[in-house]
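**Student:** Below are the structure tokens for one structure; questions will follow.
The values are calculated or read from the model by the stated rules, or taken from the named source; none is laboratory data. Since the model is a prediction, treat every value here as computed from it, not as a measurement. Neighbour counts are summed over all protein chains in view; Cβ atoms, including those assigned to glycine, are modelled from backbone coordinates with ideal geometry.
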Amino acid sequence: MIDKFNMSLIEENDSLLLAISGGIDSMVMFYCINEIKTELNLKIAVAHFDHQKRKESFLDRQLVEETCEKLSIKCFTEKLYTDSNENFHNFARKERYNFFVKLANSIGAKKIVLAHNLNDNAETVIMRLTRGSSFEGYRGILEKSKYKNIPIIRPLLNVSRSDIEIYQKSNNIKYNEDSSNQEDHYTRNRYRHHVLPLLGQENPKYLEKIKQFSEYQELAYKLIEKLANQFIKEVVIESDNEHIVDVFRFNELDEIIKIETIKSIVNIQSNNTIELNYTNIKDIIDLFVNKKPHLELSIDSNLYISKSYNKVFIRNQKVIQSHFEFTADDFGEYPLPSGHLVIITKNPDNYYGNMFKLCYNNLDFIFPLTIRNRRNGDRIKTISGTKKIKDVFINIKVPLKQRNEIPIVLNKNQEIIWIPYTHKTKSAGKETLYLIYQGEKQNAWKRH
């Protein structure tokens, strides 16, 4: 069996934290790694997590502690004291992995070593195919992965359970049998007891064939991931706690790249706290192709997707638009809630941005100016009469979010005299001053 043990996962001088349950798989792994400890100058510690799900679980802890004492290896244990309303296996897995990571960080272990084997992977793949998963999920269990930036390795992943049993008997390795493994209450056990034996009857080499499937999936996923990351790097804009995606460029992608791109962006945006299902992903893709200029979609209380013309915004929270309004009594810089500026100056040489030249004879007829964002019913004067600002913004495709951020400047008579990039009134006089807006103008309406 040792020849199937993936030695490439363990390097000379490695510092390893072995997750040992006391079952046959982890105990065999424990002894295999201990065999190469001196040769590779390995620093080894053991972590045991007691789920306290069985009355006899304390015997597992005793076995692990006794073995560690016999082999002169440090042993750290933890108990699962509380349960939650969520699925027990999900909750226990999260608590178990958090214990491993916290311990690895505290003792300086560089890798966490788990004892998943070839049968575990086959069970995982068949279960995921049956209940549904993602392209990423259909890869099954990986030999190398990460959890909270700590590498996790599984050197037994190419070893079958029958080979593990042979090695255990040949070396007389003590282990404890989990009585719950014989029950059909748990989904994995039903697959282990009933589904996989049927596959073995059809093809005695089914474990190898499922392993090949996992490897093909992994190779394909690496390419998909690479193309999605390339698109995110070149096209997606990360700004103000949001990701902005160009609709036209996104719709040019192949469907599988779209799926991976959305998943990756959401993982980044949510710090891996939100897991999308297939329906969620399809809903987001449909939002990109929908002909309506403005759409909103909430997937989770912490994930909001909105479309405005040719941009899609992915955020952690819904944008709540608030009004702003203040008075400008003199020259100076006036910061806006968006972080942009309105500048009133006689000398525009040192400033950049969209500019409006206002001519006058007497400053008393200019100040005070009002600077605010739009209001319902706002209208500007045109040659043929008046026009709603809302219609002007729609015509030149100003994104919905920006419509509420663009400053509108009114004179002392509360008449709109300037909207950056959009509208300016004519003025006359011997003296001049300049209104300058330093803000962002999206590609969606640059051409107007």
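**Student:** Of the conditions (1) surrounded by fewer than 16 Cβ atoms within 10 Å (Cβ to Cβ); (2) in a strand (DSSP E or B), Tyr216 fails just one. Which one is it?
**Tutor:** Failed condition: (2).
**Student:** Return yes when Ser306 is of a type outside the set (A, V, I, L, M), at pLDDT 90 or above and under 20 Å from the mean Cα position of the chain (by Cα) and no when it is not. So that I can check it myself, show each step before the final result.
**Tutor:** On the way: of a type outside the set (A, V, I, L, M): yes; at pLDDT 90 or above: yes; under 20 Å from the mean Cα position of the chain (by Cα): yes.
Yes.
**Student:** Here's a follow-up. Considering only region 118-133, state which residues are within 15 Å of Ser160 (Cβ to Cβ) and of a type in the set (A, V, I, L, M, F, W, C).
**Tutor:** Just the residues of region 118-133 that are within 15 Å of Ser160 (Cβ to Cβ), to begin with: 118-125.
Across region 118-133, the qualifying residues are Leu118, Ala122, Val125.
**Student:** Could you tell me whether any residue of region 234-256 is at pLDDT 95 or above, of a type in the set (Val, Ile, Thr), outside the structural domain of Phe288 (by TED's automatic domain parsing) and farther than 28 Å from Gln402 by Cβ?
**Tutor:** no
**Student:** Give the residue that is surrounded by the fewest Cβ atoms within 10 Å (Cβ to Cβ), with candidates limited to residues of region 107-142 that are part of a helix (DSSP H, G or I) and of a type in the set (S, T, N, Q). Working first, answer last.
**Tutor:** We begin by selecting, within region 107-142, every residue part of a helix (DSSP H, G or I); these are 107, 118-131, 137-139.
Now restrict to residues that are of a type in the set (S, T, N, Q): 119, 121, 124, 130.
On the way: Asn119: 19, Asn121: 23, Thr124: 21, Thr130: 11.
So, considering only residues that are part of a helix (DSSP H, G or I) and of a type in the set (S, T, N, Q), the one surrounded by the fewest Cβ atoms within 10 Å (Cβ to Cβ) is Thr130.
**Student:** Quick check on my filter: what residues within region 149-173 are among the basic types (Lys, Arg), under 23 Å from His51 (Cβ atoms) and either exposed (fewer than 13 other Cβ atoms within 10 Å of the Cβ) or in contact with a His (Cβ under 9 Å, 6 or more places away or on another chain) (or both)?
**Tutor:** Going through region 149-173, the residues among the basic types (Lys, Arg) turn out to be 154, 161, 169.
From what is left, the residues that are under 23 Å from His51 (Cβ atoms) are 154, 161.
Matches in region 149-173: Arg154 only.
**Student:** Among the residues of region 143-166, write down those that are within 19 Å of the chain's Cα centre (by Cα) and in a loop (DSSP other than H, G, I, E, B).
**Tutor:** Listed by number, the residues that qualify are Lys148, Asn149.
**Student:** Still on this structure: Under the condition of being over 21 Å from Pro399 (Cα atoms) and among the aliphatic types (A, V, I, L, M), which residue from region 233-261 is nearest to the chain's Cα centre (by Cα)?
**Tutor:** Of all residues in region 233-261, those over 21 Å from Pro399 (Cα atoms) come to 233-234, 252-261.
Narrowing further to those that are among the aliphatic types (A, V, I, L, M): 253, 256-257, 259.
Numbers: Leu253: 20, Ile256: 17, Ile257: 16, Ile259: 13 Å.
My answer is Ile259.
Each row is one residue, and each column tells you yes or no for (1) under 18 Å from Tyr175 (Cα atoms); (2) in a loop (DSSP other than H, G, I, E, B).
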| site | (1), (2) |
| --- | --- |
| Cys32 | yes, no |
| Arg54 | yes, yes |
| Glu65 | yes, no |
| Asn105 | no, no |
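**Student:** Right, another one. If you check Ser214 against the conditions, is it in contact (Cβ under 8 Å) with a residue 24 or more places away in the chain and within 27 Å of Lys53 (Cα to Cα)? Write out each step before concluding.
**Tutor:** Working: in contact (Cβ under 8 Å) with a residue 24 or more places away in the chain: yes; within 27 Å of Lys53 (Cα to Cα): no.
Taking the combined requirement at face value, the residue does not satisfy it.
**Student:** Report yes if Ile284 is touching a residue at least 40 places away in the same chain (Cβ under 8 Å), in contact with a helix residue (DSSP H, G or I) (Cβ under 8 Å, 6 or more places away or on another chain), buried (at least 19 other Cβ atoms within 10 Å of the Cβ) and not assigned by TED's automatic domain parsing to the domain that holds Asn149, otherwise no. Before you say what the answer is, go through the steps one by one.
**Tutor:** Details: touching a residue at least 40 places away in the same chain (Cβ under 8 Å): no; in contact with a helix residue (DSSP H, G or I) (Cβ under 8 Å, 6 or more places away or on another chain): yes; buried (at least 19 other Cβ atoms within 10 Å of the Cβ): yes; not assigned by TED's automatic domain parsing to the domain that holds Asn149: yes.
Answer is no for this residue.
**Student:** Go through (1) surrounded by 12 or more Cβ atoms within 10 Å (Cβ to Cβ); (2) of a type outside the set (S, T, N, Q); (3) touching a residue at least 12 places away in the same chain (Cβ under 8 Å); (4) over 19 Å from His340 (Cβ atoms) and name the single condition Lys388 misses.
**Tutor:** Only one criterion in (1) surrounded by 12 or more Cβ atoms within 10 Å (Cβ to Cβ); (2) of a type outside the set (S, T, N, Q); (3) touching a residue at least 12 places away in the same chain (Cβ under 8 Å); (4) over 19 Å from His340 (Cβ atoms) is unmet by Lys388, namely (3).
**Student:** Pick from region 225-252 the residues that are among the hydrophobic types (A, V, I, L, M, F, W, C) and closer than 18 Å to Asn280 by Cβ: which of them is surrounded by the most Cβ atoms within 10 Å (Cβ to Cβ)? Before you say what the answer is, go through the steps one by one.
**Tutor:** So in region 225-252, the residues among the hydrophobic types (A, V, I, L, M, F, W, C) come out as 227-228, 231-232, 235-237, 244-245, 247-248, 250.
Retained after the next criterion (residues that are closer than 18 Å to Asn280 by Cβ): 228, 245, 250.
Details: Ala228: 21, Val245: 23, Phe250: 20.
The residue in question is Val245.
**Student:** Are any of the residues in region 65-86 β-branched (Val, Ile, Thr), buried (at least 17 other Cβ atoms within 10 Å of the Cβ), under 22 Å from Ile24 (Cβ atoms) and touching a Gly at 6+ places or on another chain (Cβ under 7 Å)?
**Tutor:** Checking region 65-86: not a single residue is β-branched (Val, Ile, Thr), buried (at least 17 other Cβ atoms within 10 Å of the Cβ), under 22 Å from Ile24 (Cβ atoms) and touching a Gly at 6+ places or on another chain (Cβ under 7 Å).
**Student:** Considering only region 7-16, I want to know if a residue exists there that is assigned to a strand (DSSP E or B) and either touching a residue at least 40 places away in the same chain (Cβ under 8 Å) or within 30 Å of the chain's Cα centre (by Cα) (or both). Give the steps one after another, and end with the answer.
**Tutor:** In the first step, residues of region 7-16 are kept if they are assigned to a strand (DSSP E or B); the result is 15-16.
Add one more test, that the residue is either touching a residue at least 40 places away in the same chain (Cβ under 8 Å) or within 30 Å of the chain's Cα centre (by Cα) (or both), and what stays is 15-16.
Checked region 7-16: at least one residue is assigned to a strand (DSSP E or B) and either touching a residue at least 40 places away in the same chain (Cβ under 8 Å) or within 30 Å of the chain's Cα centre (by Cα) (or both).
**Student:** Just for region 17-30: of the residues that are of a type in the set (Val, Ile, Thr) and part of a helix (DSSP H, G or I), which one is farthest from Cys68 (Cα to Cα)? Give the derivation first.
**Tutor:** Step one: list which residues in region 17-30 are of a type in the set (Val, Ile, Thr), which gives 20, 24, 28.
Filter once more, so that each one left must be part of a helix (DSSP H, G or I): 24, 28.
Details: Ile24: 15, Val28: 13 Å.
Among them, the one singled out is Ile24.
**Student:** Moving on to the next point. Restricting to region 1-32, name every residue that is hydroxyl-bearing (Ser, Thr, Tyr) and either touching a His at 6+ places or on another chain (Cβ under 9 Å) or under 16 Å from Ile44 (Cα atoms) (or both). Steps first, answer last, please.
**Tutor:** Keep residues of region 1-32 that are hydroxyl-bearing (Ser, Thr, Tyr), which gives 8, 15, 21, 26, 31.
Once the filter is applied, which keeps residues that are hydroxyl-bearing (Ser, Thr, Tyr) and either touching a His at 6+ places or on another chain (Cβ under 9 Å) or under 16 Å from Ile44 (Cα atoms) (or both), region 1-32 yields Ser15, Ser21, Ser26, Tyr31.
**Student:** If you don't mind, another one. Based on this model, can you work out whether Asn267 counts as outside the structural domain of Tyr138 (by TED's automatic domain parsing) and either loosely packed, with under 14 Cβ neighbours inside 10 Å or without any contact (Cβ under 8 Å) to a residue 24 or more places away in the chain (or both)?
**Tutor:** Values: outside the structural domain of Tyr138 (by TED's automatic domain parsing): yes; either loosely packed, with under 14 Cβ neighbours inside 10 Å or without any contact (Cβ under 8 Å) to a residue 24 or more places away in the chain (or both): yes.
Yes; evaluated as a whole, the condition is true for this residue.
**Student:** Run down Arg54, Arg93 and say which single residue is modelled with pLDDT under 95 and either in contact with a helix residue (DSSP H, G or I) (Cβ under 9 Å, 6 or more places away or on another chain) or not charged (D, E, K, R) (or both). Working first, answer last.
**Tutor:** Details: Arg93 fails: either in contact with a helix residue (DSSP H, G or I) (Cβ under 9 Å, 6 or more places away or on another chain) or not charged (D, E, K, R) (or both).
So the residue among Arg54, Arg93 that is modelled with pLDDT under 95 and either in contact with a helix residue (DSSP H, G or I) (Cβ under 9 Å, 6 or more places away or on another chain) or not charged (D, E, K, R) (or both) is Arg54.
**Student:** Which of the residues belonging to region 290-325 are assigned to a strand (DSSP E or B) and more than 27 Å from Tyr278 (Cβ to Cβ)? Please lay out each step first, then the result.
**Tutor:** Pass one, region 290-325, residues assigned to a strand (DSSP E or B): 294-300, 303-308, 311-315, 325.
Within region 290-325, just Glu325 meets the criteria.
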